[in-house]
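FYI, it's all coordinate maths here, none of it is from the lab. Only a predicted model underlies this, so the values are computations on that prediction, with no experimental measurement involved. Every residue, glycine among them, receives a Cβ derived from its backbone with ideal geometry; neighbour counts consider all protein chains shown.
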Amino acid sequence: MNSIPQYHTLMLPLLKVMGTRNEMTTKQMRDEVAENLGLTVEALSQRLPSGTQNAFDNRMGWARTYLFKAGLLERPRRATYAISETGRKLLANPPSEIDVDFLKSYEQFNQFLGSSKNDEETLVPAEVIDDQLTPEEQIEKGVRQIQRELQLEVLDRVKQLPPEGFEQLVLRLLVGMGYGGSMADVQGVARGADGGVDGVVNQDHLGLDRI
């Protein structure tokens with residue numbers, strides 16, 4: 001499999017793996033679920049769009065957290081989990097899929113969801129909240145949307161600048177990119193037959209190196 005399943009579709013495979021062992025570390029859980037799903041090395045190397053975290057590890061982490069918060073898993077010690085009696089009862093007659101809506105049948109999961117929902121809504125715009133994405137993926141999706149909207153707004157404002165204003169913007173951009181020490185080293189060119197030159201940047205204070 002070349003694509004990584006969404007975090008909610010990892011919950012049932014993870015619970016089934018836990019049902020075969022007494023205890024498992026997070027690494028053992030990760031490796032066994034990946035092997036059972038036939039995930040390729042390429043898929044397992046994928047990262048979140050921000051590049052800050054491995055995508056499969058992120059989704060496995062939230063699948064594990066949600067099962068734990070619903071009481072289907074127990075954590076006897078740090079980074080080690082075991083299936084609970086509630087989890088074993090569920091595996092005796094398993095559903096076709098475990099997702100957030102299914103976990104809402106467990107009261108302790110609803111308590112967890114209620115306490116985390118308010119925090120999530122303060123970080124993620126309502127229009128990008130998607131239960132199929134992990135919280136990190138939702139935040140990154142919201143950030144990308146804000147960045148796109150900001151880019152469009154900046155571009156629209158640039159298009160509305162008069163010619164003189166656009167020339168000044170270009171000169172300021174050059175200074176921001178490291179050409180010249182400050183705006184004092186930049187000067188515009190009077191409008192007219194300037195041969196296409198809109199401004200001059202002095203790379204040194206003596207004006208010997210000019211762009």
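Worth pointing out:
- 3J(HN,Hα) along region 91-96: 5, 5, 9, x, x, 6 Hz, from the Karplus curve 6.51 cos²θ - 1.76 cosθ + 1.60 with θ = phi - 60°, whole Hz, x for Gly and Pro.
- The count of lysine pairs in region 7-119 whose Cα atoms are under 21 Å apart, excluding pairs fewer than 8 places apart on the same chain, comes to 10.
- Here the Karplus curve 6.51 cos²θ - 1.76 cosθ + 1.60, taken at θ = phi - 60°, turns the phi angles of region 159-166 into couplings of 5, 8, 5, x, x, 5, x, 5 Hz, with x standing for Gly and Pro.
- Under 5 Å between amide hydrogens, built in the peptide plane, is the criterion, and for L73 it picks out F68, S84 among residues at least 5 positions away or on other chains.
- A cut-off of 5 Å between modelled amide H atoms, ignoring neighbours fewer than 5 places along the same chain, links I98 with L12.
- Whole-Hz Karplus values for region 18-31 come out as 5, x, 9, 10, 6, 9, 8, 7, 4, 5, 4, 4, 4, 5 Hz, taken residue by residue from phi with 6.51 cos²θ - 1.76 cosθ + 1.60 and θ = phi - 60°; glycine and proline positions read x.
- Difference of contour (0.36 nm per residue) and Cα-Cα distance, A82 to T9: 24.3 nm
- Formal net charge of residues neighbouring P95 (Cβ-Cβ distance under 14 Å; K, R +1; D, E -1): 0
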